[in-house]
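The structure appears below as structure tokens.
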């Protein structure tokens, strides 16, 4: 499977609104309900991708830690579950509960939300400020399943810390790299 970079949505873009079912709570949740007045992280992930699996432990730790400080974290899977059954909503819920997600894991069955965000890969990260303006889109860190670099989440962590404290985030951002979103035919 070839690695695909994120498309790098223009900074300053307003977060596209959505209403999606949360596989963990079984409720339909909207961006307006979930957003934070400090910072909101929308991340496109899935169960089966080796790139997501590679960072998963550290990603959950960082998401859960910063949510205590006012970061809203929203995970979305948009993959075609007919061709990738590991990404089925029942298995999404199972993974979220087993991994201790303190954030929703939403299912984008129509793939319209992924298209609205111009999401290209898993993982794909979009960090918005309190006004829902995009301030960071890029990689978790330099670690990949194919290199020996430790998983730290430093790139995303630095952006989150700056956003939560109202500081400017450098526009020099490296794209995320991962498995392509599994689009329906």
Taking segment 8-79 on its own, what percent of its Cα-Cα pair distances exceed 21 Å?
-> 31
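Just subtract the alpha-carbon distance of residue 32 and residue 168 from 0.36 nm times their residue separation and send over the number in nm, one decimal.
Values: separation 136, 0.36 × 136 = 48.96 nm, distance 2.38 nm.
Fully extending the segment from residue 32 to residue 168 adds 46.6 nm.
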Answer rounded, prolate or oblate for segment 64-161, using the Cα gyration tensor with square roots of eigenvalues a ≥ b ≥ c: rounded when a/c is under 1.5, else prolate when a/b is larger than b/c, else oblate.
-> rounded
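Tell me, 129, 124 in order of fewest to most beta-carbon neighbours within 10 Å? Walk me through the numbers on the way to the answer.
Details: 129 21, 124 30.
Ranking 129, 124 by Cβ neighbours within 10 Å, fewest first, gives 129, 124.
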Once the principal axes of the Cα atoms of the chain are found, what is the range along each, listed largest first in whole angstroms?
-> 43, 39, 30
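State the antiparallel share, in %, of DSSP beta bridges confined to segment 4-180, rounding to the nearest 5. Walk me through the numbers before you get to the answer.
Working: 19 of 28 bridges.
Taking every DSSP beta bridge within segment 4-180, about 70 percent pair in antiparallel fashion.
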Per DSSP H run of at least 4 residues, take -39500 (n - 2.57); add these up for the chain, divide by its residues and hand me the 222 nm value, nearest 500 deg cm²/dmol.
-> -8000 deg cm²/dmol
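What does the extension gain come out to for residue 109 and residue 65, with contour length at 0.36 nm per residue minus their alpha carbon separation? Numbers along the way, then the final one.
Details: separation 44, 0.36 × 44 = 15.84 nm, distance 2.87 nm.
Taking residue 109 through residue 65 to full extension adds about 13.0 nm, to one decimal.
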Cα centroid separation - segment 15-78 against segment 139-169, whole Å | 16
Can you give the FRET efficiency for residue 11 and residue 154, using 1/(1 + (r/R0)^6), R0 = 30 Å, r = Cβ-Cβ distance, to the nearest 0.05?
-> 0.95
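Since every read-out is calculated from the coordinates, none of them should be taken as a lab result. Predicted model only: the values in this text are computed from it and were never measured. As a convention, Cβ positions derive from the backbone with ideal geometry for all residues, glycine included, and neighbour counts pool all protein chains shown.
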